[in-house]
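K.L.:
Okay, handing you the structure first.
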Amino acid sequence: MNIKAPRGTKDILPEEAVSWQNIEKIALELFTSAGVKEIRTPIIEDTNLFERGVGDTTDIVNKEMYTFEKGDRSLTLRPENTAGVVRAYLEHGMFRISPPVKLWYKGPMFRYENPQAGRQRQFHQIGMEIFGEKKPTADAEAISLAVQFLNRLGLNDLTIEINSLGCDECRKKFREKLKFVLKPYLPQLCEDCQTRFEKNPLRILDCKNENCNKIFESISEQKDWNKIDLCPECLDHFNTLKDYLRALDIKYVENPNLVRGLDYYTRTVFEIKSFNLGSQNAVCGGGRYDNLVSLMGGDNTPAVGWAMGVERLNSLLPQKTEELLDYFVVSTDSKEAIKLVNLLRNKGKSAEFDFSGRKFTKQLEKASKVAKKAIILGEDEISNGYLTVKDLSTSEQIKTDINNL
Ligand code: ATP
Ligand code: MG
């Protein structure tokens, strides 16, 4: 048998899991300190949820979903978690909670992509959503939590790119402007962009095709062709957000080409990048999605959120090493040894013992790799009711009893 993990998936082995635990621990601490509650939604959802909630002009829905039939249902492995969180928010009447409702999640997502560095088919995200506040205060809180999270992990060399896509009216005008400018170049653009031109011209700005990008650069000389003209309300929203970010000492860069890959964004969009990562340098993406909740059948509910890729995050961080156990019990009497480790664990200490009862020297060798101290439980110790404790870093040895540990 030579079965391997499916292409685009990875085992997270014990040595690497330590770093994942650290990332998740810091997320839990930060979100708890900010009143953000954890939510866990199913990994499988109704396919319609993503068609509606992510948008049927996106790559995710058009090309990347893992969809299967069961009975007369079409189900899909979640490619992202915002749609699922919005579904749960509505299904459980969380709109009755006094706003804002702040939720966070962590877990695996699935996209049928071309696997490469920083891009897998099963990958993990940590993300958060804020429901019920349309003021830029919520956008600032969301961005600030993302930055604080990265800082607490030890990442300070970040570029925070922001843009505003405006409201429905602003985007409508912008689409017309884009189509007008791009029309003469249409035959030269890639196939995807030709479809986008009719279905969702904004997405053209997000194109990764080199040739398209060259064309865009050549039109850049026509002043501001790719810049959205915001209505007074949207402009005020964006300016206030920037004011808050400056007050928080968060350095940002405005990127007029930032449109993000999902259909549902309105007004604020942002991306956090790190330049240690090669070509897939985005660790966090997010934005405001004021239309999504009503699109999914709820009342008009403004919302803002973000998601981070845990694999990409992890690859930026120095790897954590496993912590040593408090004690390793060295004994040839496994019954006495298992009794002692049980007692130690109940006292809140971490402890392991050797199952085989092999020679002390072999057991001590293992002990020095995994624990801070060895407790030696030989015949004399057992019959006279004491313990010999050896500090494995100094080799210092003392006699004591269980109550003095
Ligand atoms: P990209 O432009 O890199 O494809 P995206 O816009 O599709 O990213 P989002 O859907 O906003 O990304 O997801 C947020 C974050 O999740 C990304 O910034 C990235 O860190 C991570 N991510 C997205 N897709 C993958 C993937 N296939 N493998 C690993 N991480 C991913
Ligand atoms: Mg993508």
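K.L.:
Can you bin every Cα-Cα distance in region 171-259 into 5 Å intervals starting at zero and give me the percent of pairs per bin, rounded to whole numbers?
P.N.:
All Cα pairs, binned at 5 Å, distribute as 3, 12, 22, 22, 14, 11, 10, 5, 1, 0 percent.
K.L.:
Compute the signed sum of charges (Lys and Arg +1, Asp and Glu -1) over the other residues within less than 12 Å, Cβ to Cβ, of Leu75. Don't skip to the answer; put the middle values down first.
P.N.:
Values: positive: Lys70, Arg73, Arg78; negative: Glu45, Asp46, Glu69, Asp72.
Local charge sum for Leu75: -1.
K.L.:
Mind putting a number on the dipole of the chain about its Cα centre? Charges go on the C-beta only, +1 for Lys and Arg and -1 for Asp and Glu, and I need it in Debye to the nearest 20.
P.N.:
Result for the chain is approximately 260 debye, rounded to the nearest 20.
K.L.:
Springs between alpha-carbon atoms under 10 Å, Gaussian network over the chain: tell me which of Ile219, Ile338, Ile44 tops the mean-square fluctuations.
P.N.:
Comparing Ile219, Ile338, Ile44 in the GNM, the peak value goes to Ile338.
K.L.:
Restricting the calculation to Cα positions, tell me the Rg (one decimal) and the Dmax (whole number) of region 126-220 in Å.
P.N.:
17.6, 49
K.L.:
Placing +1 on the Cβ of each Lys and Arg and -1 on the Cβ of each Asp and Glu in region 325-404, which of Val370, Thr388, Thr400 has its Cα farthest towards the positive end of the resulting dipole?
P.N.:
Val370
K.L.:
Okay, moving on. List the trypsin sites (Lys or Arg not before Pro) within region 286-364 that DSSP assigns to loop and that have no more than 16 neighbouring Cβ atoms inside 10 Å.
P.N.:
Values: sites: Arg288, Arg312, Lys320, Lys335, Lys339, Arg345, Lys347, Lys349, Arg358, Lys359, Lys362; in loops: Lys320, Lys347, Lys349, Arg358, Lys359.
Answer in residue order: Lys320, Lys347, Lys349, Arg358, Lys359.
K.L.:
Rounded, prolate or oblate: which fits region 325-404 when a ≥ b ≥ c are the square roots of the eigenvalues of the alpha-carbon gyration tensor, with rounded for a/c under 1.5 and prolate only if a/b beats b/c?
P.N.:
Rounded is the answer for region 325-404, as its axis ratio a/c remains below 1.5.
K.L.:
Quick one: go through region 20-49 and flag any residue whose amide nitrogen is under 16 Å from the point 7 Å out along the Cα-to-Cβ line of Arg96.
P.N.:
Within reach of a label on Arg96: no residues.
K.L.:
Can you list the DSSP H helices in the chain whose Cα atoms extend at least 20 Å along the helix axis and whose mean Kyte-Doolittle hydropathy is 1.0 or higher?
P.N.:
Working: long enough: 14-33 (28 Å, -0.12); 136-152 (24 Å, 0.28); 168-182 (21 Å, -1.01); 232-247 (22 Å, -0.67).
Helix filter hits for the chain: none.
K.L.:
Next question. Between region 162-231 and region 37-69, what is the separation of their alpha carbon centroids in Å?
P.N.:
Rounded to whole Å, the Cα centres lie 26 Å apart.
K.L.:
Taking DSSP loops as anything outside H, G, I, E and B, show the longest stretch in the chain free of GluC sites (Glu not before Pro) there with at most 12 other beta carbons within 10 Å.
P.N.:
Numbers: sites that count: Glu221, Glu322, Glu323, Glu396.
The segment 1-220 is the longest one with no such site.
K.L.:
Another question, if that's okay. Suppose we take every Cα in region 1-155 and form the convex hull; what volume per residue is that in Å³?
P.N.:
Spread over its residues, the Cα hull of region 1-155 gives 158 Å³ apiece.
K.L.:
Lys335: which aspartates and glutamates have alpha carbons under 12 Å from its alpha carbon, excluding same-chain residues fewer than 8 sequence positions away?
P.N.:
Hits, sequence-local ones excluded: Asp354.
K.L.:
Which whole-number percent of Cα pairs in the chain have a distance greater than 40 Å?
P.N.:
Values: 26797 of 81810 pairs.
Tail of the P(r) past 40 Å holds 33 percent of the pairs.
K.L.:
Continuing with this model, one more query. Note down the magnitude of the dipole of region 325-404 about its Cα centre, charges +1 on Lys and Arg C-beta and -1 on Asp and Glu C-beta and zero elsewhere, to the nearest 20 debye. Don't skip to the end; give the middle numbers.
P.N.:
Numbers: 14 positive and 12 negative charges, 63 e Å.
Dipole about the Cα centre, nearest 20: 300 debye.
K.L.:
In debye, nearest 20: dipole of region 127-267 around its Cα centre with unit charges on the Cβ of K, R (+) and D, E (-)?
P.N.:
Charge dipole of region 127-267: 300 debye, to the nearest 20.
K.L.:
Separate question: As an exercise, find the ratio Rg/Rh for region 1-66 from alpha-carbon atoms, using the Kirkwood inverse-distance average for Rh.
P.N.:
The Rg/Rh ratio comes out at 1.09.
K.L.:
Let me ask something else. Just from its helices, what would the mean residue ellipticity at 222 nm be for the chain, if runs of 4 or more DSSP H residues each count -39500 (n - 2.57) and the sum is divided by every residue, rounded to the nearest 500 deg cm²/dmol? If you can, show how the numbers build up before the last one.
P.N.:
On the way: 14 runs with 150 residues, N = 405.
It lands at -11000 deg cm²/dmol.
Taken together, the values in this text are just the output of simple stated rules run on the coordinates, not laboratory data. The model shown is predicted, which means the values in this text are computed figures rather than measured ones. Note that we place each Cβ from the backbone using ideal geometry, even for glycine, and neighbour counts take in every protein chain shown.
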